[in-house]
Amino acid sequence: MREEPHPVTPDEITAAARKSFDGAPDRRLRFLLQQLVDHLHAYVREVGLTRDEWEAAVGFLTDTGRTCTGSRQEFILLSDTLGLSMLVDALQHPVPPGATESTVLGPFHVEGSPLRPMWSSTVEKEGSGEPALVTGTVRGTEGRPVEGALVDVWQNAANQLYAVQDPGQPPENLRGVFKTGADGAFAFWSVRPVDYRIPDDGPVGKMLAATGRHPWRPAHLHVMVSAPGYRTVATHLFDATSAHLDDDAVFGVKPSLVVDFVPHGPEEPGAPEGWNGTWYSVERDVVLVPADD
Ligand code: BEZ
Ligand code: FE
């Protein structure tokens, strides 16, 4: 093949684009970009991408960027719905057997949730949903309870919305941080989460609609646990009765993360005061991997 300053054939164009990164001083960056050129060019060849399709793709990515704001990250949503977020996580964070598996962080986590006392409730608005008591112990894979672990939780209300999406909820509704004591135990009241749609009023929603996909996620409670000396895990507790466990729009379900919300009658001991309907309990330990493993 000619080593041309003016590449003309498809192979010359690919070779020239690849070679243009030869001088990148950072080896990893050079590798990432040359592989990107190879794979992108191979994709264009394989699918026979037309000029119109290229323009539509550029338009779609432009819209995706324009949809991002301080509180909305449409590119991460695109990554989530293409399975990319879960793939990166699976490759980066394989966990040893017995450790709690991770899943997508999602866009609704808020830094600095209030530190709440054990056994208190994250519910700040009446009508947020059916009460659920969540209990468990944070342990290391070596079996010891973890003292001083921060259990950061957030979830949606019965109207499907997280407080950050919903001006009708107090901003700290259904979120909080709980700090474990020497026994590693945590316990808090919340509500039973419900199935909900990922934000589908933007370009990602259009992509889902154009391809016959739905935007639903199975009901879940987000839990992120960090502790000195351990790897932080961002995970979910998925409701075993959800209709969308097998078709999560962002591919986040792992069998080990599915839990039972056990129903209880109002007459059962431990029922929340003043509540006359069914309430639920969920028990799930969180098992952390030591940071040096
Ligand atoms: C969530 O679980 O909050 C979420 C995750 C990925 C995309 C959208 C929402
Ligand atoms: Fe969520």
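The values are calculated or read from the model by the stated rules, or taken from the named source; none is laboratory data. A quick note: this is a predicted structure, and the numbers were derived from the prediction, not measured. Note: ideal-geometry Cβ built from the backbone for every residue, glycine included; neighbour counts use all protein chains shown. Side chains are part of the model used for accessible areas, which takes the heavy atoms of the whole protein and leaves out ligands, DNA and RNA. Shrake-Rupley method; radii C 1.70, N 1.55, O 1.52, S 1.80 Å.
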Exercise. In nm, to one decimal, how far is the ASP246 label point from the TRP275 one, both placed 7 Å along Cα→Cβ?
Worked result: 3.1
Exercise. ALA56: net charge of surrounding residues, Cβ under 12 Å, Lys/Arg +1, Asp/Glu -1, itself excluded?
Worked result: -2
Problem set entry | Largest-first principal axis extents of the Cα set of the chain (Å) | 82, 43, 31
For this session: Pop the C-beta distance of VAL262 and ARG30 into the FRET formula with R0 = 41 Å and round what comes out to the nearest 0.05.
Result: 0.15
Exercise. Roughly what % of Cα-Cα distances in the stretch 94-252 sit above 23 Å, to the whole percent?
Worked result: 40
Exercise. If one takes the longest principal axis of the Cα atoms in the chain, at what angle in degrees, from 0 to 90 and to the nearest 10, does the Cα axis of helix 10-19 lie?
Worked result: 60
Exercise. What percent does the relative contact order of the chain come to when contacts are Cα pairs within less than 8 Å and at least six residues apart?
Worked result: 20
Seminar exercise, completed: Over the stretch 8-135, with neighbouring protein chains present, the accessible area per residue in Å² at probe 1.4 Å is 65
Problem set entry | Carbon + sulfur, % of accessible area of the chain - ligands and nucleic acids excluded, 1.4 Å | 57
Problem set entry | Antiparallel DSSP beta bridges within the chain, percent to nearest 5 | 75
Problem set entry | Length released on extending from GLU283 to VAL47, taking residue separation times 0.36 nm less the Cα-Cα span | 80.1 nm
Seminar exercise, completed: If unit charges are put on Cβ atoms (+1 for Lys and Arg, -1 for Asp and Glu) and the dipole of the stretch 1-49 is taken about its Cα centre, the option from LEU29, PRO7, ALA42 lying farthest towards the positive end turns out to be LEU29
Problem set entry | Partner lysines for LYS206 [C-alpha distance under 30 Å; skip if fewer than 8 residues away on the same chain] | LYS254
Exercise. When all protein chains stay in place, what accessible area (Å², nearest 10, 1.4 Å probe) is found for MET118?
Worked result: 60
Exercise. For the stretch 206-293, what ratio Rg/Rh do Cα atoms give with a Kirkwood hydrodynamic radius?
Worked result: 1.10
Exercise. What GluC sites (Glu not before Pro) does the stretch 214-293 have in DSSP loop regions with at most 11 other beta carbons within 10 Å?
Worked result: GLU267, GLU273
Exercise. What ranking of SER20, SER85, SER71 comes out by heavy-atom accessible area, probe 1.4 Å, highest first?
Worked result: SER71, SER20, SER85
Exercise. Out of every Cα pair in the stretch 1-49, what percent are spaced more than 16 Å from each other?
Worked result: 43
Exercise. Rounded to the nearest 0.05, what FRET efficiency is calculated for ARG213 and VAL58 with R0 set to 25 Å and r the Cβ-Cβ distance?
Worked result: 0.70
